[in-house]
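All remarks here apply to the structure that follows.
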Amino acid sequence: MATIVYQANKKTGVTYAYESVSYWDKKKQQSRAKRKCIGRLDPETRKIIPTRKRKKPAVEEKAKRGPVPVTRLARSFYGATYLFDYIGKDTGVTDDLKACFPESYRQILSIAYYLILEDRNPLSRFPRWAAIHRHPHGENISSQRSSELFASITEEARLRFFQLQGKRRMDTEYFAYDSTSISSYSKSLRQVRYGKNKDHEHLPQINLTLLFGQQSGQSHG
């Protein structure tokens with residue numbers, strides 16, 4: 001049977017009302033009671049003011065955000081490649097490469113950056129360099145892919161690039177020109193032709209020319 005029991009809080013002076021339900025405890029063989037707070041007693045009206053039910057926090061819906069665990073650590077070098085970006089933009093090299101090689105100019109720039117910074121290392125080590133350096137292509141270039149890239153550069157596209165570069169400096173540039181030849185026993189190089197060298201050797205040779213801009217410091221071979 002349920003009854004209402006009142007109990008005053010000595011610290012606050014508030015009297016609370018409890019619903020008390022009696023039951024028989026078989027283990028202790030005695031009558032016991034369960035109490036549940038149903039409100040507080042109004043001192044003036046002597047009426048019970050129901051207590052507000054507290055909402056349980058939605059643990060699943062609004063979980064507290066904690067620190068996100070780090071799953072990947074990476075370190076990249078930016079300084080030198082950012083400098084090359086600026087030089088390429090200032091000299092027009094990047095724009096001219098894009099005009100001549102629209103689909104592969106970023107890869108050409110990345111390989112050029114690598115060859116300048118790692119001049120003593122072969123292109124087979126490009127993946128290791130690309131993993132820690134920021135570069136225009138932003139992805140790995142395998143040794144096979146670099147060979148395919150070089151083979152795809154036609155003589156016509158290469159000459160067009162030099163023509164575009166020459167037009168940018170035609171009014172202010174002074175050019176120095178030199179040529180030489182390299183004898184070769186190769187039977188597979190298409191560039192090898194019979195000719196006359198300075199030593200008058202009767203061997204197939206490769207003729208090389210170099211055009212150097214005194215103002216820009218750029219060279220074209």
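The values are calculated or read from the model by the stated rules, or taken from the named source; none is laboratory data. Predicted model, so just to flag it, every value in this text is computed and none were measured. As a convention, Cβ positions derive from the backbone with ideal geometry for all residues, glycine included, and neighbour counts pool all protein chains shown.
Cβ-Cβ distances below 7 Å connect no pair with a first residue in the stretch 25-46 that is outside the structural domain of T15 (by TED's automatic domain parsing), a second residue that is surrounded by 10 or more Cβ atoms within 10 Å (Cβ to Cβ) and basic (K, R), and a separation of six or more residues or different chains.
Here is a check on your reading of the model: is R65 modelled with pLDDT under 90 and either surrounded by 17 or more Cβ atoms within 10 Å (Cβ to Cβ) or closer than 30 Å to A17 by Cα (or both)?
Values: modelled with pLDDT under 90: yes; either surrounded by 17 or more Cβ atoms within 10 Å (Cβ to Cβ) or closer than 30 Å to A17 by Cα (or both): no.
No; evaluated as a whole, the condition is false for this residue.
With respect to S110, determine if the residue is part of a helix (DSSP H, G or I) and surrounded by 15 or more Cβ atoms within 10 Å (Cβ to Cβ).
Details: part of a helix (DSSP H, G or I): yes; surrounded by 15 or more Cβ atoms within 10 Å (Cβ to Cβ): yes.
So S110 fits the description; yes.
Being outside the structural domain of G213 (by TED's automatic domain parsing), over 30 Å from P136 (Cα atoms) and either modelled with pLDDT under 80 or charged (D, E, K, R) (or both): is that true of K98 here?
Working: outside the structural domain of G213 (by TED's automatic domain parsing): yes; over 30 Å from P136 (Cα atoms): no; either modelled with pLDDT under 80 or charged (D, E, K, R) (or both): yes.
The answer is no for K98.
Within the stretch 185-219, the set of residues being touching a helix residue (DSSP H, G or I) at 6+ places or on another chain (Cβ under 9 Å) and either of a type in the set (A, V, I, L, M, F, W, C) or outside any strand (DSSP E or B) (or both) comprises L211, Q215, S216, Q218. What pairs come up if the first residue lies in the stretch 163-184 and is in a strand (DSSP E or B), the second is acidic (D, E), and their beta carbons are under 6 Å apart, counting only those six or more places apart or on different chains? That search, which allows pairs on different chains as well, returns S183/E201. Determine whether the stretch 133-146 contains at least one residue that is outside any strand (DSSP E or B), assigned by TED's automatic domain parsing to the domain that holds Y86, in contact (Cβ under 8 Å) with a residue 40 or more places away in the chain and touching a Cys at 6+ places or on another chain (Cβ under 6 Å). So far as the stretch 133-146 goes, no, none of its residues is outside any strand (DSSP E or B), assigned by TED's automatic domain parsing to the domain that holds Y86, in contact (Cβ under 8 Å) with a residue 40 or more places away in the chain and touching a Cys at 6+ places or on another chain (Cβ under 6 Å). For the stretch 151-170, a tally of residues being under 22 Å from Q215 (Cβ atoms), among the hydrophobic types (A, V, I, L, M, F, W, C) and surrounded by 11 or more Cβ atoms within 10 Å (Cβ to Cβ) returns 4.
Taking first residues from the stretch 113-124 that are at negative phi and surrounded by 15 or more Cβ atoms within 10 Å (Cβ to Cβ) and partners that are of a type in the set (V, I, T) and modelled with pLDDT of 90 or more, the Cβ contacts under 9 Å between residues at least 6 apart in sequence or on separate chains come to Y113/T81; Y114/I141; L117/T81; L123/I111; L123/I141. Condition check for S183 on (1) under 24 Å from F162 (Cα atoms); (2) at pLDDT 75 or above; (3) surrounded by 14 or more Cβ atoms within 10 Å (Cβ to Cβ); (4) not charged (D, E, K, R): one failure, at (1).
Residues considered: A80, A17, A74, A8. Of these, the only one that is under 30 Å from R134 (Cα atoms) and at pLDDT 80 or above is A80. Taking the stretch 96-112 as the range and being in contact (Cβ under 8 Å) with a residue 40 or more places away in the chain and either closer than 16 Å to F77 by Cβ or not aliphatic (A, V, I, L, M) (or both) as the test, the residues that pass are D96, C100, F101, S104, Q107.
Restricted to the stretch 186-211, and to residues that are free of Cβ contacts under 8 Å to residues at least 24 places away in the same chain and within 22 Å of A151 (Cα to Cα), which residue is surrounded by the fewest Cβ atoms within 10 Å (Cβ to Cβ)?
At the first step, the residues of the stretch 186-211 found to be free of Cβ contacts under 8 Å to residues at least 24 places away in the same chain are 186-204.
Now restrict to residues that are within 22 Å of A151 (Cα to Cα): 186-193.
Working: S186: 10, K187: 7, S188: 5, L189: 10, R190: 7, Q191: 12, V192: 18, R193: 12.
Within the stretch 186-211, the match that is surrounded by the fewest Cβ atoms within 10 Å (Cβ to Cβ) is S188.
Can you give me the number of residues within the stretch 125-150 that are among the hydrophobic types (A, V, I, L, M, F, W, C), surrounded by 13 or more Cβ atoms within 10 Å (Cβ to Cβ) and over 28 Å from L211 (Cα atoms)? Write out each step before concluding.
If we filter the stretch 125-150 for residues that are among the hydrophobic types (A, V, I, L, M, F, W, C), which is where we start, we get 126, 129-132, 141, 149-150.
Okay, now just the ones that are also surrounded by 13 or more Cβ atoms within 10 Å (Cβ to Cβ), so 126, 129-130, 141, 149.
If we keep only those that are over 28 Å from L211 (Cα atoms) as well, we get 126, 129-130, 141.
Number satisfying all stated conditions: 4.
Just give me the residues in the stretch 1-10 being in contact (Cβ under 8 Å) with a residue 12 or more places away in the chain and outside any strand (DSSP E or B), in sequence order. Give the steps one after another, and end with the answer.
Quick first cut of the stretch 1-10, residues in contact (Cβ under 8 Å) with a residue 12 or more places away in the chain only: 1-6.
Hit for the stretch 1-10 is M1, nothing else.
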